[in-house]
Amino acid sequence: MKNSSVNTGRLLGAGLRALLMLTVLTGVLYPLAVTGVAQALFPGPANGSQIKADGKVVGSSLIGQQGYDLRYFQPRPARGLTENSVNTRYPLLVSGATNLAADSEELLRRVEDAKAEVVRVNSVPGHPVRPADVPADAVTSSGSGLDPDISPAYAALQVRRVAVRNHLPVTAVRGLVEHHTEGRTLGFLGEPRVNVLELNIALEDLVAER
């Protein structure tokens with residue numbers, strides 16, 4: 001009986017020592033090491049890929065924003081998003097897609113309505129936009145609904161409207177788009193893209209200079 005109690009005590013002691021060691025290793029040392037390496041080598045992504053304007057954080061380069069008025073470049077549509085209904089402290093949006101099939105009549109109607117709206121708002125005197133000129137990302141949302149980028153084609157489509165509404169030369173606005181157009185990642189992954197938030201911040205700076 002005494003030996004059994006001693007063995008049980010030893011096993012419990014060994015288990016507690018193992019628990020303490022693993023807690024310190026995986027719960028303290030490992031997170032500190034990963035955080036330290038991330039902050040040293042990749043501080044931008046580690047801190048949320050923040051974008052600043054006038055010394056303040058205005059968003060992330062990884063998360064698209066909605067609600068721009070027509071003086072600015074517009075992002076992709078945010079279909080399928082709903083409002084946060086659990087944590088009502090912050091006005092958050094719930095990421096998501098429409099989940100509509102490619103042959104859905106509702107989806108087709110949304111695309112046609114969106115295309116007509118893009119044509120309407122981006123047509124300026126002397127330079128009408130044709131429905132055939134509207135790229136796919138102008139009328140469809142991404143899987144998350146929070147795509148921060150648009151295609152160079154959609155950005156180019158908006159140049160004249162942005163220039164007119166901000167009283168800027170078309171060449172200057174087109175130059176902004178070209179400057180903020182990123183190529184394929186590593187030269188072969190993905191497609192060329194334009195970050196809408198970064199482009200609109202540059203637009204505000206250009207307007208301020210004028």
Failed condition for N122, given (1) at pLDDT below 85; (2) over 22 Å from the mean Cα position of the chain (by Cα)
(1)
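Only one of V28, V24, V6 is surrounded by 11 or more Cβ atoms within 10 Å (Cβ to Cβ), free of Cβ contacts under 8 Å to residues at least 40 places away in the same chain and not assigned by TED's automatic domain parsing to the domain that holds R165. Can you tell me which? Let's see the steps before the verdict.
Details: V28 fails: surrounded by 11 or more Cβ atoms within 10 Å (Cβ to Cβ); V6 fails: surrounded by 11 or more Cβ atoms within 10 Å (Cβ to Cβ).
After ruling out the rest, the residue left standing is V24.
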Of the residues that sit in region 169-210 and are β-branched (V, I, T) and part of a strand (DSSP E or B), which one is modelled with the lowest pLDDT?
T185
Just to verify a result, which residue in region 159-210, among those that are within 20 Å of the chain's Cα centre (by Cα) and among the hydroxyl-bearing types (S, T, Y), is surrounded by the most Cβ atoms within 10 Å (Cβ to Cβ)?
T181
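Where in region 1-85 are the helices (runs of 4 or more DSSP H), entirely inside, with at least 1 residues that are of a type in the set (K, R) and either modelled with pLDDT of 85 or more or closer than 27 Å to L176 by Cβ (or both)? Before you say what the answer is, go through the steps one by one.
On the way: elements: 2-24, 30-41, 43-46.
Here the list reads 2-24.
Kindly indicate whether L157 is touching a residue at least 24 places away in the same chain (Cβ under 8 Å) and either among the aromatic types (F, W, Y) or closer than 22 Å to A78 by Cβ (or both). Write out each step before concluding.
Working: touching a residue at least 24 places away in the same chain (Cβ under 8 Å): yes; either among the aromatic types (F, W, Y) or closer than 22 Å to A78 by Cβ (or both): yes.
Spelling it out, L157 is indeed touching a residue at least 24 places away in the same chain (Cβ under 8 Å) and either among the aromatic types (F, W, Y) or closer than 22 Å to A78 by Cβ (or both).
Let's see how each residue does on (1) surrounded by fewer than 18 Cβ atoms within 10 Å (Cβ to Cβ); (2) of a type in the set (S, T, Y); (3) more than 22 Å from L176 (Cα to Cα); (4) in contact with a His (Cβ under 6 Å, 6 or more places away or on another chain):
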| site | (1), (2), (3), (4) |
| --- | --- |
| E105 | yes, no, yes, no |
| R109 | yes, no, yes, no |
| E112 | yes, no, yes, no |
| D133 | yes, no, no, no |
| S141 | no, yes, yes, no |
Only one of (1) surrounded by 14 or more Cβ atoms within 10 Å (Cβ to Cβ); (2) in contact (Cβ under 8 Å) with a residue 40 or more places away in the chain; (3) closer than 20 Å to V196 by Cα; (4) out of contact with any Phe, Trp or Tyr (no Cβ under 8 Å at 6 or more places or on another chain) fails for V119. Which number is that?
(2)
Would you mention how many residues in region 135-153 are touching a residue at least 40 places away in the same chain (Cβ under 8 Å), closer than 10 Å to V194 by Cβ and of a type outside the set (D, E, K, R)?
4
Residues that are part of a helix (DSSP H, G or I) and within 30 Å of R210 (Cβ to Cβ): does region 99-118 have at least one?
yes
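The values are calculated or read from the model by the stated rules, or taken from the named source; none is laboratory data. If you're wondering where the values come from, they're calculated on a predicted model, not measured in any experiment. No Cβ is skipped: glycine too gets one built from the backbone with ideal geometry, and neighbour counts run over all protein chains shown.
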